[in-house]
Every structure is written in structure tokens, then in C-alpha cells.
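Single-structure report; data block below.
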Amino acid sequence: MEQINFDNGDGKLDFATKLQQDWLNACLAADIPAVTRDTAARLLAVLYVHGGGHEEMVMNRKFTNEMKYIQRRYGIEGGQKPDPQVVNLVQHYVTELEQYESKHAADTATDTDGSKVTDSAPDWAVNLFRDRYGIKLRY
């Protein structure tokens, strides 16, 4: 598989970012999933339901690198046939997220710092984005 071009134009890469990019490209070349189908589907479902235009997501290089990897690995780039297992999983998680959101629209939850936040996403989504990327889904 062809390597991913991770360049975002600023030319600045720290060691951890370069290591992650090399790891993702090595996994592509060896046909080893660096991000499982299930995790990829969960991430894509959250992006679909909650949108990906938040500054925390757009400016998080680890997140954007893994999104580029997921697109290439699971055929979600334009003109490709997507991995059918990922498509089925995304549909499942989108339904779950939408049902959760409609059921808990007026609810609040307690954040890790003890503050009250809107409960717009299930714990698995909140934990996935917080633990993997340091991104908050509840505000």
C-alpha cells in the first residue's frame, strides 16, 4: 500500500509525531492494523454524529494522522470501495450514538474535574477520545 503523506504544511514535527507517522506507514506496508476496525468505526461514528470541526480535533496531530491512516487502511478515501465490516460497524455505532443523544439530550454528567457537562455522548466515546487523544467530547 502506498505511504500516507502526513504533511500539513508547517514543516514542524516533534519526535513522537514522526515516530507515529513512521509506525502508521510501516503498519500499512506490512498490512498490520495499527487501528482496529472496531476502534476505527467508533472514531468515524463519533465524527459523523458530533462533527469533526472542533479545534481540539483539527489541531490534534495524533488524531488527524490516525484519521488519514484509517481512510487509507479501510478504503474510505474517495473512489475506493470501503471495508464492509467497517461500514457495518460505523452504522451500528452511529445508531447507538444517535439513540443515546436523543435519550440524554437534557441530561448532565459529572466530568473528571467534578464540573457538570452536557451528557451528549456515551462513556465509551468520551473515554476513547479522552484517553487516546486528550480530546473532550462533553462540554
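Quick one: which residue in D107, D111, D83, D31 is touching a Ser or Thr at 6+ places or on another chain (Cβ under 9 Å) and either at pLDDT 95 or above or not basic (K, R) (or both)?
That would be D107, the only listed residue that is touching a Ser or Thr at 6+ places or on another chain (Cβ under 9 Å) and either at pLDDT 95 or above or not basic (K, R) (or both).
I need the full set of residues from the range 65-107 which are farther than 20 Å from D31 by Cα and of a type in the set (S, T, Y), in order please.
Y93, T95, Y100, S102
For the range 1-97, which helices (runs of 4 or more DSSP H) that fit wholly inside it have 1 or more residues that are open to solvent by 80 Å² or more (accessible area, probe 1.4 Å) and basic (K, R)?
Answer list for the range 1-97: 15-30, 37-50, 61-73.
Looking only at the range 52-94, count every residue that is at positive phi and hydroxyl-bearing (S, T, Y) and tell me the total.
0
The values are calculated or read from the model by the stated rules, or taken from the named source; none is laboratory data. If you're wondering where the values come from, they're calculated on a predicted model, not measured in any experiment. Here the Cβ is made from the backbone with ideal geometry for all residues, glycine too, and neighbour counts use every protein chain on show. These accessible areas exclude ligands, DNA and RNA; they are computed on the full protein's heavy atoms, side chains included. Shrake-Rupley method; radii C 1.70, N 1.55, O 1.52, S 1.80 Å.
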